[in-house]
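First comes the structure, then the notes that go with it.
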């Protein structure tokens, strides 16, 4: 069974500073990996995804993530955060098995931006 | 192109009542997933459906919970005889196939009095 760990429950960064959110996964084969963002009272918006190929993937809103198989990680990065990036961020893993398309989510990282 | 539509956005029920949550997938999407989010937690998978078929219900509680996705109309998540522990946000997601990114609705916040 797959699992996801997001070790940081809450991160605070200054506006304009760089950001890295950590995500480690456990899955026996090559996973599908996703980052979603959730604003309060809202649903989840897909930031980016990794299915195969280039291990550095670009997403919306200036985010990127790098898949490192050796470290079982898929960390999310942004070079310069904006106040509007304050939200909850979820990493998720999906299996590549037919009939097992569900996503397994981490517990999330809450991002606070200070002026 | 409308996104995943969930209604109601907020639902209040008393203990013992039934809760019915509806989800209309994005146009062209035939795969529907339901997830539950408890306060301060991530989303937990409940059930995966295609039209008229339950594909994976491994995350569904064995009792009181059921889901359907009929040939016509929205997917329905039904919770019978609700209890306080059912209070949560319930999210529906859809995708055009099983290996495409899932697009999420804004959720239904269920409160049990």
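The values are calculated or read from the model by the stated rules, or taken from the named source; none is laboratory data. A quick note: this is a predicted structure, and the numbers were derived from the prediction, not measured. Ideal geometry is used to build each Cβ from the backbone, glycine not excepted, and the neighbour counts take in all protein chains shown.
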Being under 23 Å from residue B:95 (Cβ atoms) and at pLDDT 90 or above, is that true of even one residue in the range A:70-85? yes
Quick check on the range A:66-81. Is at least one of its residues surrounded by 13 or more Cβ atoms within 10 Å (Cβ to Cβ), in contact with a strand residue (DSSP E or B) (Cβ under 9 Å, 6 or more places away or on another chain) and facing chain B (nearest Cβ under 10 Å)? no
_Please verify whether residue A:34 is buried (at least 19 other Cβ atoms within 10 Å of the Cβ) and either within 14 Å of another protein chain (Cβ to nearest Cβ) or not in a strand (DSSP E or B) (or both), treating the condition exactly as stated._
yes
Somewhere in the range B:88-110, is a residue surrounded by fewer than 18 Cβ atoms within 10 Å (Cβ to Cβ), assigned to a strand (DSSP E or B) and either within 12 Å of the chain's Cα centre (by Cα) or more than 9 Å from every other protein chain (Cβ to nearest Cβ) (or both)?
-> yes
When residue A:47 is run through (1) touching a helix residue (DSSP H, G or I) at 6+ places or on another chain (Cβ under 9 Å); (2) within 14 Å of chain B (Cβ to nearest Cβ); (3) without any contact (Cβ under 8 Å) to a residue 24 or more places away in the chain, the failure sits at (3)
TODO: Answer with yes or no whether residue A:57 is in contact with a strand residue (DSSP E or B) (Cβ under 7 Å, 6 or more places away or on another chain), crowded, with 17+ Cβ neighbours inside 10 Å, at pLDDT 95 or above and away from chain B (no Cβ under 11 Å).
DONE: yes
Given (1) touching a residue at least 40 places away in the same chain (Cβ under 8 Å); (2) buried (at least 20 other Cβ atoms within 10 Å of the Cβ); (3) within 13 Å of the chain's Cα centre (by Cα), residue B:82 misses just (3)
Of the listed residues (A:13, A:4), the one being over 22 Å from residue B:99 (Cα atoms), in contact (Cβ under 8 Å) with a residue 12 or more places away in the chain, part of a strand (DSSP E or B) and touching a strand residue (DSSP E or B) at 6+ places or on another chain (Cβ under 8 Å) is A:13
Restricted to the range A:88-115 and to residues being modelled with pLDDT of 95 or more and more than 14 Å from every other protein chain (Cβ to nearest Cβ), the residue nearest to the chain's Cα centre (by Cα) is A:111
Taking the range B:11-60 and keeping residues within 10 Å of chain A (Cβ to nearest Cβ), in contact (Cβ under 8 Å) with a residue 12 or more places away in the chain and surrounded by fewer than 13 Cβ atoms within 10 Å (Cβ to Cβ) leaves B:58
Within the range B:61-79, the residues that are surrounded by fewer than 20 Cβ atoms within 10 Å (Cβ to Cβ), assigned to a loop (DSSP other than H, G, I, E, B) and touching a strand residue (DSSP E or B) at 6+ places or on another chain (Cβ under 7 Å) are B:64, B:74
A careful count of residues in the range A:72-95 that are assigned to a strand (DSSP E or B), within 22 Å of residue A:115 (Cβ to Cβ) and out of contact with any helix residue (DSSP H, G or I) (no Cβ under 6 Å at 6 or more places or on another chain) gives 4
